[in-house]
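Below is a structure I'd like to ask you about.
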Amino acid sequence: MPRLLRPLLLFFVLSAAAAGQDQVSTAKPFTVSARRYSFDPPRIEVIQDDLVKIELHSEDIAHSLTIDAYRIAKRVGPGKPVTFEFRADHAGTFPYYCNLQIDDGCRQMRGELVVKPRRQPQRGGSDVAPRSRPGSAVRVRP
Ligand SMILES: [Cu+2]
């Protein structure tokens, strides 16, 4: 086997193993605190297809964590943390907010969920493989 191919092969074996582990991957845990009138942290960053596990706390009154794009609206009361999970299958930046009307200040509660695409997006936004494929440069005329 050519020496150069060995690291490449190892890479493929390792990434195949990693892909296999994805099927049973444990959730990525985050703890989010809601209080008058902010979320801590105000930004959650994950990779597309991650299983995201959020433990939501309130430090004062009832709040919610709402992410429209993921149809999530979890209400939390003080002293009663809630935990929920979701698969971050849409890439993009999605606002989260508190949708409770109890307190006007809740409208100011904003955060963002950033889901980075698993593959690098191409210019133009289409989700296709890069144009330069390995092997395309070694074409030999007969
Ligand atoms: Cu609130």
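What follows is calculated from the coordinates using simple rules that are stated; it is not laboratory data. In this text the structure is predicted, and so the values were computed from the model without any measurement. A quick note on method: Cβ atoms are made from the backbone with ideal geometry, for glycine too, and the neighbour counts reach across all protein chains shown.
Please report Cys98, Cys106 as a ranked list, fewest other C-beta atoms within 10 angstrom at the top and most at the bottom. Write down the numbers at each step before the final one.
Working: Cys98 29, Cys106 19.
Ascending number of Cβ neighbours within 10 Å: Cys106, Cys98.
At 7 Å along the Cα-to-beta-carbon direction for both Glu55 and Thr93, put a label point, then send me their distance in nm to one decimal.
Output for this residue pair reads 2.9 nm.
If you line up the Cα atoms of the stretch 25-116 on their principal axes, what length do they span on each, largest first, in Å?
35, 23, 19
Give the lysines reachable from Lys28 as a straight Cα distance under 16 Å; neighbours fewer than 8 places away on the same chain don't count.
Cross-link targets: Lys53, Lys116.
If each residue's Cβ is checked for other Cβ atoms within 10 Å, how do Ile44, Ile61 rank with the fewest at the top?
Least to most surrounded, the residues fall as Ile61, Ile44.
So who's got an amide H within less than 5 Å of the one on Leu113, skipping anything under 5 residues away but keeping other chains? H placed 1.01 Å off N, in plane.
Counting only residues 5 or more places away or on other chains, the set is Ile44, Phe94, Tyr96.
Under the Karplus relation 6.51 cos²θ - 1.76 cosθ + 1.60, θ = phi - 60°, what is the ordered set of whole-Hz ³J(HN,Hα) values for the stretch 75-87, x standing for Gly and Pro?
Result, ordered by residue: 8, 9, x, x, x, 10, x, 10, 10, 8, 10, 8, 8 Hz.
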